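This report refers to the structure that appears directly beneath it.
The values are calculated or read from the model by the stated rules, or taken from the named source; none is laboratory data. Here the structure is a predicted model, which means the values were calculated and not measured. Counting neighbours? That spans all protein chains shown, and the Cβs are built from the backbone with ideal geometry, glycine included. Heavy atoms of the whole protein, side chains included, go into the accessibility calculation; ligands, DNA and RNA do not. Shrake-Rupley method; radii C 1.70, N 1.55, O 1.52, S 1.80 Å.
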Number of protein chains: 2
Amino acid sequence: MAKRKGTYTVVFDEPISVRASAAVGSKKESEGPIGHAFDVINEDDYFGEKTWEKAESRMQQTAIQTALDKAKYQPSDIDCVFAGDLMNQCVGSTYGLRSFGIPFVGLFGACSTMAESLMTASVFLDSGAAGRAVACTSSHFCTAERQFRLPLEYGGQRTPTAQWTATAAGAAVLEKGDTPPFIHAATIGTIEDLGITDANNMGAAMAPAAAATIKRFFDDTGTRPNDYDLVITGDLGKVGGTILRDLLRRDGYDLEHCQTDCGLMLYDLEKQDVHAGASGCGCSASVMCGHILPLMHTGQLHDILFIATGALMNTTVVQQGESIASIAHLVYLSSKKKGGLVS
Amino acid sequence: MAKRKGTYTVVFDEPISVRASAAVGSKKESEGPIGHAFDVINEDDYFGEKTWEKAESRMQQTAIQTALDKAKYQPSDIDCVFAGDLMNQCVGSTYGLRSFGIPFVGLFGACSTMAESLMTASVFLDSGAAGRAVACTSSHFCTAERQFRLPLEYGGQRTPTAQWTATAAGAAVLEKGDTPPFIHAATIGTIEDLGITDANNMGAAMAPAAAATIKRFFDDTGTRPNDYDLVITGDLGKVGGTILRDLLRRDGYDLEHCQTDCGLMLYDLEKQDVHAGASGCGCSASVMCGHILPLMHTGQLHDILFIATGALMNTTVVQQGESIASIAHLVYLSSKKKGGLVS
């Protein structure tokens, strides 16, 4: 069973085990600081397919298959997969998962999807509605540019606050078990909107959502930023990260020495020309599933807050003058099953 | 706690109460056979807003507010809202729910969203991750036409198999409680695709998904179609309904005398020029929340299988030659808390 702690936070009596995880990326991701962490790298952006959209579906399929292989499970061993992505009608997931035949709960959380899927899968496992689950998401630079900004052929100039959508996917296999790390708690985000209208400054739009969710988790649990090895947001980038720390400092929480962001870890910001950092559902998914969760599995990291952030707008409502609504979901993971910081 | 029954079905030890529900529609819906069942009708399609997209968001907001009023709850009494819709990036939900401040789990299931949201909310309530929840979805004829087919100004000819997207929303308030009806069980759908490529024949594309889910529920529970007052699909329309009954007859399940479809109930197919029936997330949402759930509340209907069906494609992948992947989620509701047909 789960219980509510404080107003917003869910704590699992029996923490949920992440049995295995996998990350898939393309050439650019392999050249970044955590390039070694990818299980599968494709040298071009097509992954053997004829279109970018089909390539993104193939990435989700590959990420899940690789995670299942590492867990030594077949698709038929999995009761439910929780997935979504940035493409219209989440077709990265729906077409990527079509061949598995696993019962599917489609999620939409934009770039917050990796945290949303880990959290939702954990609740299904906790209740007994599923015995084993997979959480998965993806993004693709070319599908995102085509859909949200400009056709690549246009060669549009990128602003300094723009982030680079990762061509990457991540998947994790979850169960009630004894393989570290463990999901102990989660804070479900609310929709926040401080009126940012610049679709090239997503970090600023999403920072208030991250600040609200993180503050609520600390308030609800009585823990402090320095209790954790890492408070890892994804994907606020350079601009959003600064705003987040400023907002939380006003609330009495100092993240200066323990916070980082998936959008700052995937690429080398000096050498890879990505401006304010990485973004896209696949950014935090691959950083977590390829890099952070394995470090927790081997005991090199112990207590992590993972807060994935998503911008919830589409191009039509932005053209109609709407500001960018955002959300952030938080998951608390520990390398220990018992004796976590929150109970 | 929930338990798995058979391979695909989830049964709740303590069934989840639907405390209240509400439906919102426009003029066309008010003129149909269940026009009296709508709590709020707007005489035009704009609901006081300047664009159709904002109107759809306003419909979700109104449906939730009305359901909360009927339940005598404030937004702050609700731990989590589960919602999604057909618009790109689910902006009907994200902008419609923005002002409530309720923690939000975004779902994507296309027109299966009402069943998906009832099922997912039930699991969260079952586990204790939420104490009270809202499930909600919407659709709007004009936002759907603009996004999926042709601008309305084009005046395109509709094919005989085409369905009419409902301008409607439905919301339900769920909790562990004693107000009928009760959600006893659910079957999570898998992604099915038999190769239909005609975006004007959604009923045919979705029928195999409905057949697969319904067959699994009967197989898992050992119950039969005639055990239920109604097997209500949404929204297969005239064409898809015939295919569904044919497919299930081959599997040994005869739906001839107990099945109907939300897409056949919302409009008068003779008089309202909707061709093969109604469709859209708001179709099954409003039929269930405005008509069926209230009939169960007052004991006029007892045992219902609700199977909402969704087509999971977008326009880009269809232009790239993909067939239409579909899904159907099933929820078993009873007017009785104890002594349901499945335990």
Beta bridges per DSSP with both ends in the protein assembly as shown, % antiparallel, nearest 5: 65
Spin-label model distance (nm) - B:Asp227 vs A:Arg149, 7 Å beyond Cα toward Cβ: 5.5
7 Å along Cα→Cβ, label-point gaps from B:Met1 to other copies, nm, shortest first: 1.1
Across B:Lys5/B:Lys72; B:Lys215/B:Lys337; A:Lys28/A:Lys176; A:Lys3/B:Lys70, pairs whose alpha-carbon gap is larger than 29 Å: B:Lys5/B:Lys72; A:Lys28/A:Lys176
Built amide H within the under 5 Å cut-off of A:Arg132, gap 5+: A:Asp79, A:Cys80
Sites A:Asp251 and B:Asn200, calculated FRET efficiency, Cβ-Cβ separation with R0 45 Å, nearest 0.05: 0.30
Between region B:145-170 and region A:174-252, the Cα center-to-center distance that results, in Å: 40
Inter-part distance where region B:2-51 and region A:38-108 are each reduced to a Cα centre, Å: 31
Size of charge dipole - chain A - debye, nearest 20, with Cβ of Lys, Arg +1 and Asp, Glu -1, no other charges: 540
GNM flexibility winner over chain B from B:Asp303, B:Asp235, B:Asp219 (Cα, springs under 10 Å): B:Asp219
Cα-based shape type of region A:1-147, given that a ≥ b ≥ c are square roots of the gyration tensor eigenvalues and the cut on a/c is 1.5: prolate
Farthest positive-ward along region A:1-111 dipole, Cα basis, beta-carbon charges - from A:Tyr95, A:Pro75, A:Phe12: A:Phe12
Residue-averaged [θ]222 nm for chain A, counting only DSSP H segments that reach four residues, each worth -39500 (n - 2.57): -9000 deg cm²/dmol
Per-copy distances of the B:Tyr154 label point, shortest first, in nm (7 angstrom along Cα→Cβ): 2.1
Debye, to nearest 20: dipole size of the protein assembly as shown, +1 on Lys, Arg Cβ, -1 on Asp, Glu Cβ: 1000
Sites matching trypsin sites (Lys or Arg not before Pro) across region B:21-69 that sit in DSSP coil, with at most 15 neighbouring C-beta atoms within 10 Å: B:Lys50
Antiparallel %, DSSP beta bridges [both residues in chain A], to 5: 65
Region A:182-333 - share of DSSP beta bridges that are antiparallel (%, nearest 5): 60
Residue-span extension gain [A:Thr179 to A:Lys336] - 0.36 nm each, minus C-alpha spacing: 55.6 nm
FRET E, pair B:Thr315, A:Lys50, Förster distance 22 Å, beta-carbon r, rounded to 0.05: 0.80
Neighbourhood net charge (9 Å Cβ-Cβ; Lys/Arg +1, Asp/Glu -1) for B:Gly277: -1
Cα gyration tensor category, rounded, prolate or oblate, for region A:84-217 with a/c compared to 1.5: oblate
Area accessible to solvent at B:Trp164, 1.4 Å probe radius, in Å²: 50
Zone residues, region A:129-171, relative to B:Lys3, backbone N less than 16 Å from point 7 Å out along Cα-to-Cβ: A:129-131
Region A:63-108 shape via C-alpha gyration tensor axes, a/c threshold 1.5: prolate
Positive minus negative residues near A:Gly128 (Lys, Arg vs Asp, Glu; Cβ under 14 Å): -3
Note, ³J(HN,Hα) from phi for region B:43-51, Karplus 6.51, -1.76, 1.60, rounded to Hz, x at Gly and Pro: 6, 10, 9, 9, 6, x, 9, 8, 10
